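The values are calculated or read from the model by the stated rules, or taken from the named source; none is laboratory data. Since we're looking at a predicted model, the values are computed, not measured. Here the Cβ positions follow ideal geometry from the backbone for every residue, glycine too, while neighbour counts run over all protein chains shown.
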Amino acid sequence: MITKTSLQEDRLFVKTKAKKAEKKKESLSESIAGIAAVLVSGLFIITFIIQAFEIPSESMVQTLLVGDHVFVDRLSPTAKAGYVGPFVPYREIRHGDIIVFLHPKEPGMYVVKRIIGIPGDRIHLRDGKVYRNGEALNEPYVIHSAGDVAPYRDQFPSVSPEGNINVNPEWPLVMREHIKNAELVVPPDSFFGMGDNRDVSLDSRFWGFIPKENVIGRPLFIYWSFDTPKDQYEHTSMGERVGFLFHVIGHFFDGTRWSRMFHLVH
């Protein structure tokens, strides 16, 4: 027996089926346009907003380890754009900020350091301790992994860099122009940066000031960390890179430092 309710359900099923049949299929041009929009959006984000970087050296241990992969905020430390104005979350670089920047003496090399001095600051070291504007800094993030004594490194800038193979040849001449009363004065539009691993960090003590225009951004957080040899960045041949890629694939689970993932960088 066919009831009124059954007829109503059948009509509803037919209507629903008809609506599904009426749905217009996406054309090839629409699909391509959608994919292009996603790609353009992604390109905009990684070009102007965030960018991924890998930490290559031990200069920022323990804050950042070799093999940490970080997302860098490219937007907030860059010069304020007049046409965007208040919509850009811009702020000046501050003491203690960790920044990624282009090495002032090695074209194309990205470096990560902590900002110790901003324009106008007076910097000097005494027995490895940093003094800024006459006051000793409290730096709980600093480690001294070498445990040795290096006069130029630890008594900067009162000890001459002469004979130090790690010092850029141009730096002693520039440094003399900015020393006043045995302290280094940071010039306008420049920064003085140092690594947290003070004994092994090649930083502003060895190659000079960081130009403001070289700043790329500030690391936000570690999105992945893999146990990587400290000299891996020196292995640049295609064979060595492919070999390490297979190593990562084979040891992804036991080589990943899971406890470091999503840690904020500060």
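So if I check each of Lys113, Lys129, which one is under 28 Å from the mean Cα position of the chain (by Cα), without any contact (Cβ under 8 Å) to a residue 60 or more places away in the chain and under 19 Å from Val61 (Cα atoms)?
Going through Lys113, Lys129 in turn, just one is under 28 Å from the mean Cα position of the chain (by Cα), without any contact (Cβ under 8 Å) to a residue 60 or more places away in the chain and under 19 Å from Val61 (Cα atoms): Lys129.
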Check your understanding: Which one of Pro140, Pro211 is over 19 Å from Val61 (Cα atoms), surrounded by fewer than 18 Cβ atoms within 10 Å (Cβ to Cβ), modelled with pLDDT of 95 or more and within 25 Å of the chain's Cα centre (by Cα)?
Key -> Pro211
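Of everything in segment 141-197, what is of a type in the set (Lys, Arg) and under 23 Å from Gly120 (Cβ atoms)? Give them in sequence order.
Arg176, Lys180
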Review point. Which condition breaks for Leu184 when tested against (1) among the aliphatic types (A, V, I, L, M); (2) modelled with pLDDT under 95; (3) buried (at least 19 other Cβ atoms within 10 Å of the Cβ)?
Key: (2)
Check your understanding: So is Pro169 of a type outside the set (Ser, Thr, Tyr), touching a Phe, Trp or Tyr at 6+ places or on another chain (Cβ under 7 Å) and farther than 30 Å from Thr256 by Cβ or not?
Key -> no
Review point. Are any of the residues in segment 152-174 touching a Ser or Thr at 6+ places or on another chain (Cβ under 9 Å), surrounded by fewer than 20 Cβ atoms within 10 Å (Cβ to Cβ), modelled with pLDDT of 95 or more and under 24 Å from Val61 (Cα atoms)?
Key: yes
Review point. Which of the residues belonging to segment 50-98 are within 18 Å of Leu220 (Cβ to Cβ) and at pLDDT below 70?
Key: Leu75, Ser76, Pro77, Thr78, Val88, Pro89, Tyr90
Check your understanding: Out of all the residues in segment 212-223, is one or more without any contact (Cβ under 8 Å) to a residue 60 or more places away in the chain and among the aliphatic types (A, V, I, L, M)?
Key -> no
Check your understanding: Quick one: how many residues across segment 221-240 are part of a helix (DSSP H, G or I), within 18 Å of Glu58 (Cα to Cα) and not charged (D, E, K, R)?
Key -> 2
